[in-house]
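J.: Mind having a look at this structure? Questions to follow.
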Amino acid sequence: MGYANGEKLSVSLQKQAHILIYGKTGTGKSALLKRLVTQLVQKNEKKSIRIVPMKVDEEFLCDLSELSMDQQVDTIEELSLKIENLWHDMFARYDLLRTSNISSYAQLQHCCFGEELPIIIAVFDSIDEKDLSADDISRLITVLHIGHSVGIHVLFATSTPEQLDLRLVD
């Protein structure tokens, strides 16, 4: 995919459940985020992937317009609703596991529901905690702790990681 500190950089949803990119303004966080999303889609081309742009700019959307994505959020209220929906999606998947007597997401993907359950990749570019309510933070922490086991992954980019709730980056 690219190089960091002279070493080849690659991402795998099996190895990294979630990703946090941080750096000063203008250091290429958004460009790296776009590359990661594109690489994840290419690496998993045989699987269904749902990209959920949580907080991204128009340029981000234009650069990845060939990919299948949910609608971008434009307001803090829409962001909060999108986080709540992600949280509900996660628990709905757990309910499917429980009621289907299936023990893993891999088995759930190939179950008898008629269509493949997509991998969900939620993308936050330039995340800032002041945009998040206490409920949003609580839901995101839950998604970060257990969402990967049901095919939900979160990619964050920020120039101010020190201002994020430590439970989000723990």
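The values are calculated or read from the model by the stated rules, or taken from the named source; none is laboratory data. From a predicted model like this one, the values you see are computed outputs, not experimental measurements. Please note: Cβ atoms are built from the backbone with ideal geometry, for glycine as well, and neighbour counts cover all protein chains shown. The protein model used for the area step is the full one, side chains on, heavy atoms only, and it has no ligands, DNA or RNA in it. Shrake-Rupley method; radii C 1.70, N 1.55, O 1.52, S 1.80 Å.
J.: Got a sec? What order do 156, 91 fall in by accessible area at 1.4 Å, biggest, i.e. largest, first?
T.: On the way: 156 10, 91 80 Å².
The ordering from most to least exposed comes out as 91, 156.
J.: I would also like to ask the following. With r defined as the distance between the Cβ atoms of residue 85 and residue 44 and R0 fixed at 22 Å, what FRET efficiency is calculated, to the nearest 0.05?
T.: Working: r = 22 Å, r/R0 = 0.99.
According to the calculation, E is roughly 0.50.
J.: Next question, about the same structure. Which value, in Å² and to the nearest 10, is the accessible area of residue 32 when all protein chains are kept and the probe is 1.4 Å?
T.: Accessible surface of residue 32 is approximately 50 Å².
J.: For a quick check of understanding: with a 1.4 angstrom probe and all protein chains in place, what accessible area in square angstrom does residue 43 have, to the nearest ten?
T.: 110
J.: Could you work out how much longer the chain between residue 94 and residue 70 gets when fully extended? Use 0.36 nm per residue separation minus the Cα distance between them, nm to one decimal.
T.: Numbers: separation 24, 0.36 × 24 = 8.64 nm, distance 2.17 nm.
Residue separation times 0.36 nm, minus the Cα-Cα distance, leaves 6.5 nm.
J.: With every protein chain kept in the model, how would you rank 48, 126 by accessible area, 1.4 Å probe, largest at the top?
T.: Working: 48 45, 126 65 Å².
If we order 48, 126 from most to least accessible, we get 126, 48.
J.: Taking all protein chains together and a probe of 1.4 Å, list 135, 125 from the most accessible to the least accessible. Display every interim value, and only then the final one.
T.: Numbers: 135 95, 125 10 Å².
The ranking, largest first, comes out as 135, 125.
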